[in-house]
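Read-outs throughout are calculated quantities, based only on the coordinates presented, and are distinct from any laboratory measurement. All values reported here derive from a predicted model rather than from experimental measurement. Ideal geometry is used to build each Cβ from the backbone, glycine not excepted, and the neighbour counts take in all protein chains shown.
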Amino acid sequence: MFERFTQEARQVVVSSQDEARQLHHNFIGTEHLLLGLLDQAGSPTCAVFERHGLTRTAAVEVLRRFAGQEQLDAAALGTVGIDLDAVRNSVEATFGAGALDVPSPDKGREVKGHIPFTRRAKKVLELSLREAVAMKSDGIADGHIALGLLREGDGVAMKMLADRGVDPAALREEITTVLSA
Amino acid sequence: MADTAEVASAAGSRDPAVGLSAVRSLRILVERLETLQVQNARDQGWTYEQIAQRLGVSRQAVHKKHAGGRGPLRRRG
């Protein structure tokens, strides 16, 4: 199937693999495909996502929150009189160093070699082919992968969109327009 | 934290950005502490029922949140 991918679409797949590796995930899920799409600065599809408020930075933040790995903001806590260092010291005295940090289960483990797609991510890529065929496009572009994500409709990527208040129908329409241009 | 007056004025800040950021960070902190304390209780042999009573929530709520895979990242294949 990858032989039908355009250069941009291939780059999305490569980027999604890099994203998974950076996050120490040993799989490529829909969330990594979404990050891969958002990595393509300058791509019209990427621009549509950004117009809807979903930049790569925002997406990473959402994902971090999903994993319970948000950064504690000492300055913000200070404004309501909470001394994060004091809390940290107290907690660490009982539970040991780093007790307040959420350890990623995969952290430290380097993910090497080939990273497999999840079943849902594979489905998204299949659907992107179908989207390209339906639009009578020459190849599968990055926009078709985005449409595949929306068509599949139920992965972590969709939860990220919902979290950011992105309207999938509007997104779909705009990406289709961009692809037809 | 040295300037008490500054802290007090920030706590009552009219600027939503300041107030909301504080609320958000508090929520994260609460979640961290809850995870830590629930784990500690479990390690010491507490049941979810006992933990729930202390937290003032239902046993089901504690179990759903802290037992096994949880949150939006749970995969259903």
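Annotations
- Estimated inter-spin distance, residue B:20 and residue A:3, nm [label 7 Å along Cα→Cβ]: 5.2
- By the Kirkwood approach, averaging reciprocal distances over each pair of separate Cα atoms, the range A:87-181 gets a hydrodynamic radius of 16.5 Å.
- Calculated from backbone phi, Karplus (6.51, -1.76, 1.60) coupling profile of the range A:147-153 in Hz, x at Gly/Pro: 5, x, 4, 5, 5, 4, x
- Degrees separating the helix A:7-22 axis from the principal Cα axis of chain A, which is the longest one: 20
- Cα pair distances of chain A binned at 10 Å [whole percent]: 9, 34, 29, 16, 9, 3, 0
- Residues residue B:53 and residue A:41, FRET efficiency given R0 of 45 Å [Cβ-Cβ distance, rounded to 0.05]: 0.30
- Taking amide H positions as modeled 1.01 Å from N, with prolines and chain starts lacking one, the residues under 5 Å from residue A:5 and 5 or more places away or on another chain are A:140.
- Phi to ³J(HN,Hα) by Karplus 6.51 cos²θ - 1.76 cosθ + 1.60 over the range A:69-85, Hz, x for Gly, Pro: 10, 5, 6, 7, 9, 4, 5, 5, 5, x, 5, 10, x, 9, 8, 4, 4
- Taking Cα atoms only, the orientation of helix A:56-66 departs from the longest principal axis of chain A by about 60 degrees.
- Proximal charge balance of residue A:10 [Cβ under 14 Å; K/R count +1, D/E count -1]: -4
- For the segment A:61-68, counting C-beta atoms of other chains within 10 Å of every residue's C-beta and taking the mean gives 3.
- Amide H within-cut-off set for residue A:28, under 5 Å, with H built and near neighbours excluded: A:117, A:118
- Working note: Cα atoms of the range A:1-92, range along each principal axis, descending, whole Å: 57, 31, 15.
- Proximal lysines to residue A:122, defined as alpha-carbon separation beneath 26 angstrom and excluding residues fewer than eight positions away on the same chain: A:107, A:112, A:136, A:159
- Applied to the range A:156-172, the Karplus parametrisation 6.51 cos²θ - 1.76 cosθ + 1.60 on θ = phi - 60° returns per-residue 3J(HN,Hα) values of 4, 4, 5, 5, 5, 4, 4, 4, 8, x, 7, 8, x, 5, 5, 4, 4 Hz, with x for Gly and Pro.
- Full-stretch length increase - residue A:90, residue A:18 - with 0.36 nm per residue and alpha-carbon distance subtracted: 22.1 nm
- All-pairs Cα distance distribution in the range B:4-66, expressed in whole percent, bin size 10 Å: 19, 37, 19, 21, 4
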